[in-house]
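In what follows, a structure is listed as structure tokens, so that the remarks can point back to it.
The values are calculated or read from the model by the stated rules, or taken from the named source; none is laboratory data. For clarity, every value in this text was computed on a predicted model and none was experimentally measured. Heads up, the Cβs are rebuilt from the backbone with ideal geometry, glycines too, and the neighbour counts pull from every protein chain shown. These area figures cover heavy atoms from the full protein model, side chains too; ligands, DNA and RNA do not enter into them. Shrake-Rupley method; radii C 1.70, N 1.55, O 1.52, S 1.80 Å.
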Amino acid sequence: MKIISKILIAIVVLSTINCTKEKKYQYNVNTVNVEQNGGEKNNRKSNTEFISIAYADLFNTNISQTKLVNLSIAYSSFGDLKVIEERIIKNFLNDSNVYIPQYSTVNNDTTLFIINSYKKFYNREPNEFEIHYWKELIRSHSEITPSTIYYALMTSDEYRFY
């Protein structure tokens, strides 16, 4: 019996020694409103607006009425609008009269190219993350051309809205 009582006393003593009250930490965090640039765009461009704006963005001139009507017919007759949008942009970018900066110009001042592209296509300044992302992508992948970047920007969901 003495051994059992000694063991119980030892357990009680050891349990009280090892038990410490847990510290509670309180962090003060500032409230931050997170918004996406361009997030206030909620008006979808009509098919005609999309075609004419894309043409104006790439050729720095207005599209002819005949060409607009032909593209609008093709646009509305195709089932998957995203596919036809991509084909229209690709067709515009492959035209010999399109204005796309030279690769050497982009490499000389990549930040300026990115800022100008965002202003041209999204009517806004790029945020720091977007600038960093594109600069790193352009720097690390020499096969990415200005035409590829224009294609990516113009086929994005943000470009479809104003």
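On a 0 to 90° scale, report how tilted helix 65-77 is relative to the longest principal axis of the chain, with both axes built from alpha carbons and the result rounded to the nearest 10.
50
Please give the net charge around residue 106, taking every other residue with its beta carbon less than 11 angstrom from that of residue 106, where Lys and Arg add +1 and Asp and Glu add -1.
Summing Lys and Arg as +1 and Asp and Glu as -1 gives +1.
Working with all protein chains in place, sort 132, 141 by solvent-accessible area computed with a 1.4 Å probe, largest first.
132, 141
About the Cα centre of segment 51-123, how large is the charge dipole given +1 on each Lys and Arg Cβ and -1 on each Asp and Glu Cβ? Please answer in debye to the nearest 20.
Roughly 80 debye, rounded to the nearest 20.
By per-residue mean of other Cβ atoms within 10 Å, what is the highest-first order of 50-59, 71-80, 119-128, 151-160?
Ranking the peptides 50-59, 71-80, 119-128, 151-160 by packing returns 50-59, 151-160, 119-128, 71-80.
Grab segment 30-162 and count how many Lys pairs have their alpha-carbon atoms under 22 Å apart, sequence gap of 8 or more, or different chains.
16
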